[in-house]
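Visitor: First the structure, which I've put down as structure tokens, then a few questions once you've had a look.
The values are calculated or read from the model by the stated rules, or taken from the named source; none is laboratory data. Remember, predicted model here, so these are calculated numbers, not experimental data. Neighbour counts are summed over all protein chains in view; Cβ atoms, including those assigned to glycine, are modelled from backbone coordinates with ideal geometry. Protein only, heavy atoms only, side chains kept; ligands, DNA and RNA dropped before computing areas. Shrake-Rupley method; radii C 1.70, N 1.55, O 1.52, S 1.80 Å.
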Amino acid sequence: MKLTIVGSGYVGLVTGTCFAEVGHHVTCVDNDEKKVKQLQDGIIPIYEPGLEALVRKNVQLERLKFTASIEEGVRNGEVVFIAVPTPPQPDGSVDLSYVEKVARSIAEVLTDYRVIVDKSTVPVKTGEKVAETIRRYRKNEVDFDVVSNPEFLREGSAVADLMNPDRIVIGANGDRAVAVMKEVYEPFNAPIMVTDLNSAELIKHASNSFLALKISYINAVAAICEASGADIGKVADGMGADKRIGREFLHAGLGYGGSCFPKDLSAFIRISEDLGYEFNLLKEVERINADQLERFLKKMRSVMWVLREKKIGQLGLAFKGNTDDIRSSVAISIAHKMMEEGATVRAYDPKGMEKCAVHYPKIPLVQDPYEVAQDADALVVATEWKDFKELDWLRIKSLMRTPLVFDGRNLLVPDEMKNLALNITAWVVRP
Ligand code: UGA
């Protein structure tokens, strides 16, 4: 099929590329001409495992192309996906101006029937507004349908998630659009769920909020484990073995960050409020998450007494492993907090340093994980990169002034660490 994706950010680029990979002919539109040129040359602005190779392959096969012209996109694609940012506003509500602008632009160049699909995470009832906008701005009485098709990919495993989805949600108010969308997704061999427009939009916010709730729940349980001497890893295993609960997203640590959960939670709280429901449960999820960082710093102070004038090495800046994304990263907050307390911080991340240098130039960076440990009074593991597990921890220990590690992601196995460094009292301190 001929498909168009408007917006070549995370979701747009990965979606477009995977559609091309399964055989569709895809036009990706972005209003940033510099980015379009880079993508045409096979230069990917983000780090996402497997993506670059797929983009190059599909560009070469002429199944994937990039343009800055929305008119070209709408002409080329029988289905037009909107995948533009929906950033938060200061009051927690969602800024839908990019979605509105794209809807207007599509309307102005619409000449034949098109299915217009919202892929961005948007508040319930946005699809209705998109349809209204298109009706208002279209130049001809052309037929069209608006569909909600939320995306559930995770950064760091985006290609795999998109190629093997648990489910595909199609929210539409008419059979014609549903038939077209089923054809789009046929090559993915995944369960397709058809709902009305509003329900599909809600599924996305409700899912992300539930996952964030799971994380805050296990972090609250971790606090009880810590106070009682129980092992949070074992407790999570025991809970997760129950199929009704599941082990995923029960990894206790510094809490969630990134460009989705924090934003989607405050949006969902705000949406509910506007609809007359006070979602206090989600407010508590946010509070527990914010507390995690404070609890962690408290723990550091309880062991190190004062942080002022201490040299602290930090492993991890990205908001999670396998990504270069540092947006709303708890790791960035920790670095700043430690610096505010007078500690000298040096940080390393396998992929996140370039973006950190641009956006947070005050955080000192080193190019090698072992350099982080040099003469350090303590190390902080702030991101769950698997690479950190595989470091030569004996070498790290020999480089440090005092061999103290605060593992904010429960990544290291405390017993293994203790075995490596026999005379160490607080090798790994769990948050
Ligand atoms: C999340 C959802 O998982 C995706 O399904 C959704 O499509 C996406 O948001 C989105 O709305 O676009 P993502 O933000 O990429 O994906 O990352 P996650 O893997 O969900 O992790 C989010 C945060 O939770 C990270 O900071 C991670 O460190 C933290 N986390 C995750 C935990 O602290 N514990 C866990 O057990 C799992």
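Visitor: How are the C-alpha pair distances of the chain spread across 20 Å bins, as whole percents from the shortest bin up?
Guide: The calculated distribution, bin by bin, is 24, 51, 23, 2.
Visitor: To continue, here is another question. Taking only the alpha carbons of region 261-419, what extent do you get along each of the three principal axes, in Å, biggest first?
Guide: Extents along the principal axes, in whole Å: 59, 33, 31.
Visitor: I would also like to ask the following. Pull out the extension gain between K2 and R287, defined as 0.36 nm times the separation in residues minus the alpha carbon to alpha carbon distance; nm, one decimal. Intermediate values should be presented prior to the final figure.
Guide: Working: separation 285, 0.36 × 285 = 102.60 nm, distance 4.52 nm.
Full-extension gain reported as 98.1 nm.
Visitor: Please compute the net charge surrounding G174, taking Lys and Arg as +1 and Asp and Glu as -1 over other residues with Cβ under 14 Å from its Cβ. Walk me through the intermediate numbers first.
Guide: On the way: positive: R114, R176, K182; negative: E128, D143, D145, D175, D196.
So the surrounding residues net to -2.
Visitor: Just grab the label-to-label distance for D175 and K418, each label 7 Å out from Cα along the Cβ direction, in nm (one decimal).
Guide: Those two pseudo-labels are separated by 6.7 nm.
Visitor: Going out from 0 in 10 Å bins, what whole percent of all Cα-Cα distances in region 2-195 drops into each bin?
Guide: 9, 39, 38, 13, 0
Visitor: Between D368 and S228, what is 0.36 nm times their sequence separation minus the Cα-Cα distance? Round to one decimal in nm.
Guide: On the way: separation 140, 0.36 × 140 = 50.40 nm, distance 3.75 nm.
Gain on stretching D368 to S228: 46.7 nm.
Visitor: Placing unit charges on C-beta atoms (Lys and Arg positive, Asp and Glu negative, everything else neutral), compute the dipole magnitude of region 1-142 about its Cα centre in debye, rounded to 20. Kindly include the intermediate steps, with their values, before the conclusion.
Guide: Details: 19 positive and 20 negative charges, 45 e Å.
Dipole magnitude for region 1-142 comes out near 220 debye.
Visitor: Counting only DSSP beta bridges with both residues in the chain, what percent are antiparallel, rounded to the nearest 5? Please report the intermediate quantities before stating the final value.
Guide: Values: 3 of 44 bridges.
Here the share of antiparallel DSSP bridges comes out near 5 percent.
Visitor: Hey, what's the chain come to in accessible area per residue, 1.4 Å probe, Å²?
Guide: Numbers: 19880 Å² over 431 residues.
The answer is 46 Å² per residue.
Visitor: How do the peptides 271-278, 390-397 rank, highest first, by the average count of neighbouring beta carbon atoms within 10 Å per residue? Don't skip to the answer; put the middle values down first.
Guide: Values: 271-278: 12.6, 390-397: 15.1.
Descending packing order for the listed peptides: 390-397, 271-278.
Visitor: How much length would be gained if the chain were fully extended between A206 and Q89, taking 0.36 nm per residue of separation minus their Cα-Cα distance, in nm to one decimal?
Guide: Values: separation 117, 0.36 × 117 = 42.12 nm, distance 1.96 nm.
So the extension gain works out to 40.2 nm.
Visitor: Around V115, what is the net charge, scoring Lys/Arg as +1 and Asp/Glu as -1 over all other residues with Cβ under 14 Å from its Cβ? Could the numbers behind the result be given before it?
Guide: Values: positive: K2, R114, K119, R176, K182; negative: E78, D112, D118, D143, D145, D175, E183.
Charge balance near V115 sits at -2.
Visitor: Here is the link list: K119/K263; K182/K243; K310/K397; K2/K65; K101/K129. Which ones come out longer than 18 Å on Cα distance?
Guide: Details: K119/K263 16 Å; K182/K243 30 Å; K310/K397 16 Å; K2/K65 11 Å; K101/K129 12 Å.
Long pairs (Cα-Cα over 18 Å): K182/K243.
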